[in-house]
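*Asks:* What follows is a structure written as structure tokens; I'll ask about it next.
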Amino acid sequence: MSTILFFLPFLLLFAVLAIYAERKVSAFIQDRYGPMEVGYYGILQTVADLVKLLQKEDIVPTKADRKLFLIAPILVFTFVFAGFAVVPVTSGWEGAPIQTGVFFLLAIVSLDTIGIIMAGWASNNKYSLFGAMRSAAQIISYEVPLTLSVLSVVMISQTLDLQQISIQQGVHAVGQETNYLFGIKALGIDVTEIGGFLTWNVFRVPILFITWIIFFITSLAESNRAPFDLPEAESELVAGFQTEYSGFRWSLLMLAEYGMMLLVSFLGVILFLGSWNSPLPNIGSVRLADWTTGEIGTLSGHLWSAFWLIAKALLMVLIQIWVRWTYPRIRIDQLMSVGWKYLTPIALFVLLIAAVWRLFMI
Amino acid sequence: MVVLIEIPFYIFSGLAILFAGVILFTKNLLYGAFSLVGTFLCVAAIYVLAQAEFVAVTQLMVYVGGIVVLLIFGVMLTNKITDKGIITSSYNRFLGAIIAISLFVVLFYGILKINFGAVKGQSADMNNVNQIGVELLTEYLLPFEIAAVVLLIALIGSSVISGYKTKETDE
């Protein structure tokens with residue numbers, strides 16, 4: 001139920017604010033103001049744009065494949081939105097209770113391509129087609145390191161359930177699993193009670209930090225963000241696969257793109273950065289982790305865990321925006337060689353080390 | 001409870017058959033490919049209803065990955081910008097019908113022979129994933145390893161074929 005009740009309104013609000021943030025961040029990086037006119041400090045600019053978009057005519061090109069052209073944006077959004085079904089919201093409010101949550105999300109991330117290819121092909125426009133082809137090539141290439149990096153985490157956590165992975169990374173793990181400092185039992189320092197950032201996966205098993213970087217790079221590629229935004233490279237392909245779209249359908253495609261950013265951010269936070277657990281550790285009698293996590297199921301537990309999860313995810317989105325306006329776009333052959341020649345071997349190597357590290361933990 | 005599962009089951013089976021029909025009767029290669037995606041999604045939904053969520057997600061992951069490659073070829077072959085696009089027609093109707101009917105008879109006979117009462121019912125909250133992992137590395141180790149070797153051979157074969165260059169095309 002969390003999908004309809006929470007994520008649908010949240011996603012809409014997020015898209016409005018993220019587009020505003022994108023414009024503001026890009027403006028600050030380029031030393032200008034960005035939108036300033038509508039609302040205080042331009043905060044209602046996206047709302048105004050949205051109203052304009054919804055009033056626009058829904059144009060279907062004469063030579064386009066009408067049926068597929070009309071379905072494609074809905075399909076793209078549906079696939080992305082389906083991914084939110086398994087994402088937990090708070091410590092007491094998990095998503096759909098399936099045991100294979102991580103596996104499902106990996107499948108969803110690649111399903112998105114089908115909608116993009118459909119949009120690109122149905123538009124009957126050479127730029128759209130190029131965008132769609134690039135998107136397919138890109139997602140197939142980057143799926144391999146993405147899956148390998150997620151596999152490292154799954155091997156450490158020994159579960160595919162997102163909520164279970166979340167519980168392991170904080171003070172609620174007491175009684176279920178013992179966390180040692182840096183995951184090495186031989187050190188003999190038990191940090192299960194201390195919690196905080198020390199039990200996050202990137203600290204629990206420090207090698208996962210490299211995995212997280214690989215995950216972040218591939219997640220940028222999977223959500224078609226710069227420097228991997230070749231499917232919609234505006235300087236060469238007009239707007240890529242969405243060139244022919246206008247009005248409501250174009251805004252659906254944009255919503256799906258920002259939804260994808262949010263989805264991979266949620267996944268990254270849950271897998272690597274402690275999910276809904278507080279970053280503050282318990283220090284002696286100052287129970288910062290207990291105070292800022294709350295008991296599972298209580299009101300404070302819901303509020304704190306939702307706050308940490310969403311705050312971390314939004315921070316990741318901000319990093320994605322920051323990266324976009326900092327790095328130039330890479331060429332298609334560079335994209336392929338980064339994916340296959342560097343990220344995949346590194347991910348495989350880290351997977352091996354993570355397997356060995358797992359032996360230190362028991 | 002039974003009705004609650006049966007209604008979506010019939011909806012998804014109907015949709016799967018509908019999409020399969022589109023694959024059979026469409027002239028457009030890409031429509032066929034997209035319908036294949038629809039069929040696979042419906043079959044995945046049926047797996048979910050049968051409480052085999054791991055199989056369902058594997059279905060999404062493996063077939064959708066394969067389908068995307070298929071779609072790329074579809075796009076390349078039916079590029080509407082340069083030409084009219086390839087129209088498919090049906091060949092070997094007689095042979096195809098014989099194979100389809102004989103396969104149907106074998107499966108139908110086999111399913112009728114199963115004594116469903118003897119099949120152990122399993123509780124829904126059992127940990128699917130662990131069980132599959134343990135079974136794969138104990139009971140079904142040999143087929144699992146053979147499948148891995150076959151995949152490795154396919155991988156080597158494809159890289160050999162794609163890396164093969166004749167003297168004329170070599171620069």
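The values are calculated or read from the model by the stated rules, or taken from the named source; none is laboratory data. These figures come from a predicted structure and were not determined experimentally. Neighbour counts run over all protein chains shown; Cβ positions are idealised from the backbone, glycine included. Side chains included, ligands, DNA and RNA excluded: accessible areas come from the protein's heavy atoms. Shrake-Rupley method; radii C 1.70, N 1.55, O 1.52, S 1.80 Å.
*Asks:* Could you check the spin-label model distance between B:L95 and A:A48? Points 7 Å from the Cα along Cα→Cβ, value in nm.
*Replies:* 6.8
*Asks:* Here's something else I'd like to know. Please give the direction-averaged projected area of the C-alpha convex hull for the range A:227-362, in square nanometres with one decimal.
*Replies:* The number I arrive at for the range A:227-362 is 12.9 nm².
*Asks:* Counting protein heavy atoms only and a 1.4 angstrom probe, how many square angstrom of accessible surface do chains B and A bury in total, to the nearest 100?
*Replies:* Interface area, both chains combined: 2600 Å², rounded to the nearest 100.
*Asks:* Hey, another quick one. From the C-alpha coordinates alone, can you work out the Kirkwood hydrodynamic radius of the range A:1-135, in Å?
*Replies:* That comes to 17.7 Å for the range A:1-135.
*Asks:* Right, something else. Starting from the Cα of A:F10, step 7 Å toward the Cβ, then list every residue of the range A:62-97 with an amide N under 20 Å from that point.
*Replies:* A:77-97, by backbone N distance to the label point.
*Asks:* Further question on the same structure: Of all accessible surface on the protein assembly as shown at a 1.4 Å probe, what whole percent is carbon and sulfur?
*Replies:* Answer for the protein assembly as shown is 72 percent, counting heavy atoms of protein chains only.
*Asks:* Expressed as a whole number of Å, what is the distance separating the alpha-carbon centroids of the range A:316-362 and the range A:271-314?
*Replies:* Computed from Cα coordinates, the inter-centre distance equals 28 Å.
*Asks:* Give the Rg/Rh ratio for the range A:121-177, taking Rg as the radius of gyration of the Cα atoms and Rh as the Kirkwood radius, to two decimals.
*Replies:* The Rg/Rh ratio comes out at 1.34.
*Asks:* Take the cross-link list A:K52/A:K312; A:K67/A:K126; A:K185/A:K312; A:K185/A:K341; A:K67/B:K27 and give me the ones stretching past 23 Å between alpha-carbons.
*Replies:* Distance filter (> 23 Å) returns A:K52/A:K312; A:K185/A:K312; A:K185/A:K341.
*Asks:* Separate question: For A:W340, A:W200, what's the largest-to-smallest order of accessible area, 1.4 Å probe?
*Replies:* A:W340, A:W200
*Asks:* Still on this structure: Would you please state which residues of the range A:274-312 a label at A:V174 would reach in this model, taking the label point 7 Å out along Cα→Cβ and a backbone N cut-off of under 15 Å?
*Replies:* Output list for this probe position: A:278, A:281-296.
*Asks:* Going by a 1.4 Å probe on protein heavy atoms, which residues of the range B:37-55 end up with at least 20 Å² less accessible surface in the whole assembly than in their chain alone?
*Replies:* So the qualifying set is B:V37, B:L41, B:E53, B:F54.
*Asks:* Separate question: Once you put a point 7 Å from the Cα of B:L18 and another 7 Å from the Cα of A:E37, both along the Cβ direction, what distance in nm separates them?
*Replies:* 4.7
*Asks:* Another question, if that's okay. For chain A, what is the accessible area per residue in Å², given a 1.4 Å probe and the full set of protein chains?
*Replies:* Heavy-atom SASA per residue in chain A reads 41 Å².
*Asks:* Mind computing the radius of gyration and Dmax over the alpha-carbon atoms of the protein assembly as shown? Å is fine for both.
*Replies:* Answer for the protein assembly as shown, Rg first and Dmax second: 25.0, 81 Å.
*Asks:* Also, quick follow-up: With unit charges on the beta carbon (Lys/Arg positive, Asp/Glu negative), name the residue among A:A48, A:G115, A:F81 whose Cα is farthest towards the positive pole of the charge dipole of the range A:1-128.
*Replies:* The residue sitting farthest along the positive end of the dipole is A:G115.
*Asks:* For the pair A:W340 and B:I161, what calculated FRET efficiency results from E = 1/(1 + (r/R0)^6), where r is the Cβ-Cβ distance and R0 = 22 Å, to the nearest 0.05?
*Replies:* Result of the calculation: an efficiency of 0.80.
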